[in-house]
Every structure is written in C-alpha cells, then in structure tokens.
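Below you'll find the structure, written out as structure tokens, and then a few comments.
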Amino acid sequence: MKLQGRRVLVNIPEKKESAIELTEKDKAMIEEEEMKKWTHLTVFATGVDVTSVYPGDKVYLSVSAIQDAERVLINGEIKMMVNEGACAIIW
C-alpha cells in the first residue's frame, strides 16, 4: 500500500460491544459522543509527502476533523483518512 500526498491514516479506537440492540440513529448519536473522547489516535500510515507525522505517532484531531474524515477499509479494518494539517498535536 502506498498512500499518496499529505494524507494520514489513523486507527479508530475499538468500540465496546453492547448487548443492547440499538437503532442506527442511536448508534450514530453514541458514535458522535465517543468521537469527543478520541484524544490520542495512533497513526497507521502516512502519505509520501507527509513530513511531520510518522506511523506509530499519537495525534490529536479536532472533533470536526474526525467527523469530516473519510473512512477507508484496509486489511479488514476501518481507518480514518485526514490531511496532515488536521493533526493538531503530535506525541
């Protein structure tokens, strides 16, 4: 896999499965609330033009960046794809 440009793929934190059956609307509301708690996301891969973030780094993305991120299925796992500039804090 070769990621192009200034794109960054980050891992999505695992969700705890619930035994309660939820509607799609309820699932979306819960996911939106969970996004607000995602403060240390791990970088999975970086594009060929990325210079400030490396795979394995932890990054902070704003809630709006997370909401606008494209979801990509890679090796059976969903990743979020954002622009390098969306990584506001890097650890």
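The values are calculated or read from the model by the stated rules, or taken from the named source; none is laboratory data. In this text the structure is predicted, and so the values were computed from the model without any measurement. Note that we place each Cβ from the backbone using ideal geometry, even for glycine, and neighbour counts take in every protein chain shown.
For (1) of a type in the set (Lys, Arg); (2) within 15 Å of ILE89 (Cα to Cα), each residue gets a yes or a no:
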{"residue": "LEU22", "(1), (2)": "no, no"}
{"residue": "THR39", "(1), (2)": "no, yes"}
{"residue": "SER64", "(1), (2)": "no, yes"}
{"residue": "ARG71", "(1), (2)": "yes, no"}
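Taken over segment 3-34, the criterion of being among the aliphatic types (A, V, I, L, M), crowded, with 17+ Cβ neighbours inside 10 Å and not in a loop (DSSP other than H, G, I, E, B) is satisfied by VAL8, LEU9, VAL10. The condition of being touching a residue at least 24 places away in the same chain (Cβ under 8 Å), of a type outside the set (S, T, N, Q) and either surrounded by fewer than 12 Cβ atoms within 10 Å (Cβ to Cβ) or farther than 15 Å from ASN11 by Cβ (or both) holds for only one of TRP91, TRP38, that being TRP91.
Within segment 38-73, the set of residues being modelled with pLDDT of 95 or more and β-branched (Val, Ile, Thr) comprises THR42, VAL43, THR46, VAL48, VAL50, THR51, VAL53, VAL59, VAL72.
Among the residues of segment 1-49, those identified as small (Gly, Ala, Ser) and more than 15 Å from ILE78 (Cα to Cα) are GLY5, SER18, ALA19, ALA28, GLY47. In segment 67-87, the residues that are within 9 Å of LEU9 (Cα to Cα) form Cβ pairs under 7 Å with partners that are among the aromatic types (Phe, Trp, Tyr) and in a strand (DSSP E or B), at six or more places apart or across chains, as follows: LYS79/PHE44.
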